[in-house]
There are 2 protein chains.
Amino acid sequence: MTSFGNEPLFLGIDGGGSKCRAVLYRKDSGIIGEGLAGPANPVQGLERAQDAVLACASAALSDAGLSQSQLGHLIVGAGLAGVNAPRTRAAMLSWQHPFAQFYLTTDLHIASLGAHDGTDGAVIITGTGSSGFSQCAGQQRFLGGHGFPLGDKAGGAWLGLAAVQAALLALDNLGPATSLSQAVLAKTHSQDSTALMDQFCGQPSAPYGQLAALVFDEAAKGDAVAKAIVADGAGYLSNMVLQLTELGPIKVAFIGGLGGIWQPWLSDAAKARITPALQGPEVGAVIYAQQRYTGEHAP
Amino acid sequence: MTSFGNEPLFLGIDGGGSKCRAVLYRKDSGIIGEGLAGPANPVQGLERAQDAVLACASAALSDAGLSQSQLGHLIVGAGLAGVNAPRTRAAMLSWQHPFAQFYLTTDLHIASLGAHDGTDGAVIITGTGSSGFSQCAGQQRFLGGHGFPLGDKAGGAWLGLAAVQAALLALDNLGPATSLSQAVLAKTHSQDSTALMDQFCGQPSAPYGQLAALVFDEAAKGDAVAKAIVADGAGYLSNMVLQLTELGPIKVAFIGGLGGIWQPWLSDAAKARITPALQGPEVGAVIYAQQRYTGEHAP
């Protein structure tokens with residue numbers, strides 16, 4: 001086992017509703033270890049989130065060939081979903097963690113810090129859900145991310161729900177029957193409304209998200225219903241780009257599983273504000289830990 | 001206790017996801033007893049639905065001053081939600097019930113039989129959900145009713161979800177801020193997005209349905225967002241009226257909690273096909289039992 005004595009070791013954690021990723025970072029060597037664990041969304045379970053943070057910290061130490069006794073030396077930066085709600089934030093901060101430091105912020109903040117390499121900027125995350133964040137001159141703005149089916153417009157689940165709704169309308173002859181409905185039936189191996197309904201009724205967002213790519217495919221082929229759905233989502237995201245960049249002369253990085261596929265559909269004004277993400281959210285979490293640590297230990 | 005000897009006693013049952021109603025009917029006296037019990041939707045629990053049917057049958061006998069021993073003389077007509085799915089229908093029909101006869105059909109069919117006093121016709125039910133049914137010359141058609149949030153367009157939950165979505169967009173400055181959003185916040189005692197989200201996230205259809213009346217109120221006052229939501233729902237229902245009446249020269253009765261409030265918003269073509277409901281669904285269930293019994297005992 002290697003040891004670094006008293007040198008601060010930074011651990012960046014990106015915790016979300018499906019998994020938790022950690023990277024271990026040493027000033028001179030860069031990333032020296034990585035860890036992966038289960039869901040770390042404190043809203044869905046505080047203890048489970050704390051366990052996941054611990055598990056992926058341990059995994060990262062082990063991956064780096066370091067002893068678990070180094071846990072107490074780690075300067076942790078964690079970006080977790082849901083901690084912009086004051087109650088959740090307070091609950092997570094009252095945790096008796098084993099680390100030297102535990103700096104907590106939102107998953108959106110570390111995503112933005114990573115995407116813009118620690119500088120001011122904004123991100124729009126579109127995966128199963130969707131949300132936006134910007135930080136400029138000490139101000140932060142959160143947009144969207146209100147959860148499925150309330151919000152998260154232009155996320156994969158929103159696209160999939162719109163596709164299933166369109167297919168059901170078409171099957172009832174109450175909406176246009178286009179190739180989108182046929183594609184939904186084929187993809188879900190459904191023969192009719194009842195089969196489609198049985199498959200999706202009461203389901204959470206993930207199964208709907210599986211249909212997102214199909215909506216883009218059909219829109220690209222010119223299907224009128226799919227194009228209308230995509231245009232609605234793109235309009236929402238284009239507005240979000242403009243709202244986020246109202247804070248100052250910043251750029252927006254599109255990240256998440258659908259980040260790339262949305263970009264060509266945005267308005268020209270929105271496209272002009274877009275920039276590629278430089279680093280991942282877990283590196284953003286390391287940057288956050290370093291910023292907080294440096295702030296507290298300034299010479 | 002009164003006794004009717006061997007005279008057939010008809011019991012009509014209207015079973016849904018929130019309650020089960022029964023009426024006891026005697027040829028010469030009309031309705032002689034009523035019963036009410038819990039949910040009787042076999043999709044949500046087969047045994048619970050059977051228990052509810054039994055409980056409201058017992059209650060109706062008791063209300064009529066009849067002995068429970070009369071259960072075995074009852075000719076029951078039951079209209080239950082979900083039994084147009086073959087599997088649910090078969091499961092419910094395999095029940096070892098204590099009645100003389102147990103004739104099973106859908107809640108929509110008995111609603112239509114009641115509304116049109118046993119003759120051909122159609123119904124559109126709009127309460128928390130929405131669905132349509134028509135019967136003409138031996139043919140039946142079912143439309144909509146695919147469940148929240150997949151389908152049930154123009155139902156109360158659909159209206160409420162649209163209102164909450166509009167309020168969240170307005171609060172994020174990503175959609176027009178009209179008096180609808182203010183009304184949603186006031187009605188739900190929410191100060192902001194987070195409070196609204198906390199209140200509705202992961203909720204089933206019923207809490208959304210509580211906002212339906214507010215959407216109509218705002219639309220009537222001229223709120224542009226509320227008017228667009230109501231126009232979308234009214235367009236859907238107007239199409240449904242035309243689809244249902246394609247089966248023949250029949251009329252459509254609008255029933256359910258929102259039935260009356262939707263009618264003025266429909267297209268003129270749809271309005272021309274509307275007729276008031278003559279009887280309730282539980283009377284439709286009695287009519288169904290009589291039609292089946294007469295069919296089997298024709299001289």
Study note, to complete from the structure: Highest GNM mean-square fluctuation among A:D107, A:D120, A:D268, for chain A with Cα springs under 10 Å, belongs to A:D268
Point to revise | Simple Cβ-charge dipole of chain B, Lys/Arg +1 and Asp/Glu -1, about Cα centre, in debye nearest 20 | key: 340 debye
Point to revise | Ratio Rg/Rh [Cα only; Rh per Kirkwood] for the range B:156-271 | key: 1.04
Check your understanding: When the Cα atoms of the range B:1-80 are enclosed in a convex hull and the volume is divided per residue, what value in Å³ results?
Key -> 72 Å³
Review point. log10 I(q)/I(0), Debye, Cα-only chain A, no solvent, q = 0.09, 0.10, 0.13 Å⁻¹?
Key: -0.50, -0.60, -0.91
Review point. When B:D28, A:D172 are ordered from fewest to most other Cβ atoms inside 10 Å of their Cβ, what list results?
Key: B:D28, A:D172
Review point. In a GNM of chain B with a 10 Å cut-off on Cα contacts, which of B:S58, B:S94, B:S67 has the highest mean-square fluctuation?
Key: B:S94
Practice item. Between copies, how far apart are the B:D232 label points? List them in nm, one decimal, shortest first, with each point 7 Å from Cα toward Cβ, please? Key: 0.5
Point to revise | Per the axis that maps chain B onto chain A, nearest residue of B (Cβ criterion) and its distance in Å | key: B:P149, 2
Exercise for review: For the pairs A:K27/A:K153; A:K153/B:K221; A:K251/B:K153; A:K153/B:K187; A:K221/A:K271, note any where the Cα-Cα span goes beyond 31 Å.
Suggested key: A:K27/A:K153; A:K251/B:K153
Study note, to complete from the structure: With the range A:137-224 reduced to its Cα atoms and the Debye formula applied, log10 I(q)/I(0) at q = 0.15, 0.22 1/Å amounts to -0.56, -1.06
Point to revise | Average projection area in nm² (convex hull over Cα atoms of the protein assembly as shown, one quarter of hull surface) | key: 32.9 nm²
Study note, to complete from the structure: With Cα springs under 10 Å, the Gaussian network model of chain B assigns the largest mean-square fluctuation among B:G155, B:G257, B:G129 to B:G257
Review point. If you build the Cα gyration tensor of the range A:207-299 and take the root of 5 times each eigenvalue, what three semi-axes come out, in whole angstrom, biggest first?
Key: 34, 17, 9
Practice item. Report, for A:D217, each distance to the same residue's label point in the other copies, shortest first and in nm; define the point 7 Å along Cα→Cβ. Key: 4.7
Practice item. Taking each label point as 7 Å beyond Cα in the direction of the beta carbon, state the distances from A:T294 to the same residue in the other copies, shortest first, in nm. Key: 8.8
Review point. Roughly how tilted is helix B:46-63, in degrees to the nearest 10 and between 0 and 90, from the longest Cα axis of chain B?
Key: 60 degrees
Exercise for review: Over chain A, calculate the relative contact order: mean separation of alpha carbon pairs under 8 Å at least 6 apart, over the residue count, as a percent.
Suggested key: 20 percent
Review point. Which aspartates and glutamates does B:K227 reach when only Cα atoms under 16 Å apart count, and residues fewer than 8 places away in its own chain are ignored?
Key: B:D217, B:E218
Revision key, fill the gap. Helix B:156-171 sits off the longest principal axis of the Cα atoms of chain B, rounded to the nearest 10 on a 0 to 90 degree scale, by 10 degrees
Study note, to complete from the structure: What the Cα atoms of the range A:23-161 span along the principal axes, largest first and in whole Å, is 46, 32, 28
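Read-outs: derived from the displayed coordinates by stated rules, not from any lab. The model shown is predicted, which means the values in this text are computed figures rather than measured ones. Here the Cβ is made from the backbone with ideal geometry for all residues, glycine too, and neighbour counts use every protein chain on show.
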